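> Before I ask anything, here is the structure I am working with.
Read the figures in this text as sums done on the coordinates, not as results from a lab. Here the structure is a predicted model, which is why all the values come from computation and not from measurement. Heads up, the Cβs are rebuilt from the backbone with ideal geometry, glycines too, and the neighbour counts pull from every protein chain shown.
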Ligand code: SAH
Ligand code: DHB
Ligand code: MG
């Protein structure tokens, strides 16, 4: 098996399941045009996030790490008409591209892009006092922040909330306890925290595709 084959299958899946449309394609194009890194989830992964969010009946979604808003659009499409999504982005330029993409996708009213380090905006979310915890949380920002983000995700969740984290397999390096890569050690720590947390049930699903060999940690709050 190789990268070329994995990408070909992602392209096949995208075609058969009609995972590309003018709205998501334009979001990617805008990211390319603005020189943003092309590290968004693949189309099949975006659809998976959408299906998971719908499966838990998500009415409120939190995303940590917006980029151009590609995964955000897949998640926002899972919301009912009165749903809401908050997405956290450190980079002002990424946030601007995302806002334009989300507006073009018709979500300007339901999606809020909060600019700042998630480490700073998460405590404010918790303090917003809305008392409306999130039904679905997608963690996809800086990997070294993941252990802290899990703590915040727990605080902002309730029974039935699903917490999904991207990029936790890292070409299999996650199984290398001796890795000197800070990102690998951070996702190892993240998995360890999730696994040891009695308030959630969880697993890791390995994935291959156009983004290489990686995976998601999927946790459900008991
Ligand atoms: N979820 C997106 C991809 C996100 S890429 C998608 O799949 O479409 C990760 C993003 O997290 C980048 O835009 C980066 O600027 C942002 N980021 C990195 N560190 C951050 C931090 N500490 N707080 C908030 N956002 C951060
Ligand atoms: C990177 C970040 C991601 O969230 C991802 O899915 C792939 C790559 C990165 O920072 O390189
Ligand atoms: Mg990612």
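> Describe numerically, in nm with one decimal, the distance between label points set 7 Å from Cα along Cα→Cβ at residue 82 and at residue 54.
Between residue 82 and residue 54, the label points sit 2.1 nm apart.
> Stretched out fully, how many nm does the piece from residue 196 to residue 93 gain, at 0.36 nm a residue minus the Cα gap?
Details: separation 103, 0.36 × 103 = 37.08 nm, distance 3.71 nm.
Result for the pair: 33.4 nm of gain on full extension.
> Could I ask something else about it? Subtract the Cα-Cα distance of residue 7 and residue 144 from 0.36 nm times their separation in residues, and report this length gain in nm to one decimal.
On the way: separation 137, 0.36 × 137 = 49.32 nm, distance 2.76 nm.
46.6 nm is the gain from fully extending residue 7 to residue 144.
> Considering segment 1-128, what Rg and Dmax in Å follow from its alpha-carbon atoms?
Rg and Dmax of segment 1-128, Cα atoms, are 14.9, 48 Å.
> For the chain, what's the relative contact order in percent, using C-alpha pairs closer than 8 Å and at least 6 residues apart?
Numbers: 402 pairs, mean separation 42.4, N = 222.
Worked out over the chain, it gives 19 percent.
> Can you tell which of 201, 179, 60 shows the greatest fluctuation in a Gaussian network model of the chain with Cα springs below 10 Å?
Looking only at 201, 179, 60, the biggest GNM fluctuation is shown by 179.
> Moving to a separate point now. Do you know the relative contact order of segment 42-125, to the nearest whole percent, from alpha carbon pairs under 8 angstrom that are 6+ apart? Show your work: numbers first, answer last.
Details: 130 pairs, mean separation 24.4, N = 84.
29 percent.
> Report the convex hull volume per residue for the chain, counting only C-alpha atoms, in Å³. Spell out each step's value before the answer.
Working: hull volume 26.9 nm³, N = 222.
Convex hull volume per residue, Cα atoms: 121 Å³.
> Further question on the same structure: Would you list the P(r) distribution for segment 57-176, with all Cα-Cα distances sorted into 10 Å bins from 0 and each bin expressed as a whole %?
Per 10 Å bin, starting at 0, the Cα pair percentages come out as 14, 47, 33, 6, 0.
> Here is a follow-up. Rounded to the nearest 5, what % of DSSP beta bridges with both residues in segment 74-222 are antiparallel?
Values: 14 of 23 bridges.
Approximately 60 percent, going by the DSSP bridge assignments.
> Let me ask another. In a Debye calculation with equal point scatterers on the alpha-carbon sites of segment 105-184 and no solvent, what is log10 I(q)/I(0) at q = 0.11, 0.17, 0.22 Å⁻¹?
-0.38, -0.80, -1.14
> Compute the Kirkwood hydrodynamic radius of segment 142-222, taking the inverse of the mean of 1/r over all pairs of distinct Cα atoms, and give it in Å to one decimal.
On the way: mean 1/r = 0.0782 Å⁻¹.
It is 12.8 Å.
> What FRET efficiency comes out for residue 15 versus residue 177 if R0 is 30 angstrom and r is the Cβ-Cβ distance? Round to the nearest 0.05.
Working: r = 40 Å, r/R0 = 1.33.
Plugging the Cβ-Cβ distance into 1/(1 + (r/R0)^6) gives 0.15.
> Follow-up. Select from 30, 182, 43 the residue whose mean-square fluctuation is largest in a Gaussian network model of the chain (Cα-Cα springs shorter than 10 Å).
Ranking 30, 182, 43 by mean-square fluctuation puts 182 first.
> What is segment 51-94's relative contact order, in percent, from Cα pairs under 8 angstrom and six or more apart in sequence?
Values: 49 pairs, mean separation 21.8, N = 44.
Computed over segment 51-94, the figure is 50 percent.
> Same structure again: Just grab the label-to-label distance for residue 203 and residue 189, each label 7 Å out from Cα along the Cβ direction, in nm (one decimal).
Placing both labels 7 Å beyond Cα along the Cβ direction yields 2.8 nm.
> If you don't mind, another one. Stick to Cα atoms and the Kirkwood definition of Rh, then tell me Rg/Rh for segment 61-107.
When Rh is taken as the Kirkwood radius, the ratio is 0.94.
> Okay, moving on. Grab every C-alpha pair in segment 1-42, bin the distances at 5 angstrom width from 0 up to the longest one, and report whole percents.
Each 5 Å bin holds this share of Cα pairs: 5, 20, 22, 24, 19, 8, 1.
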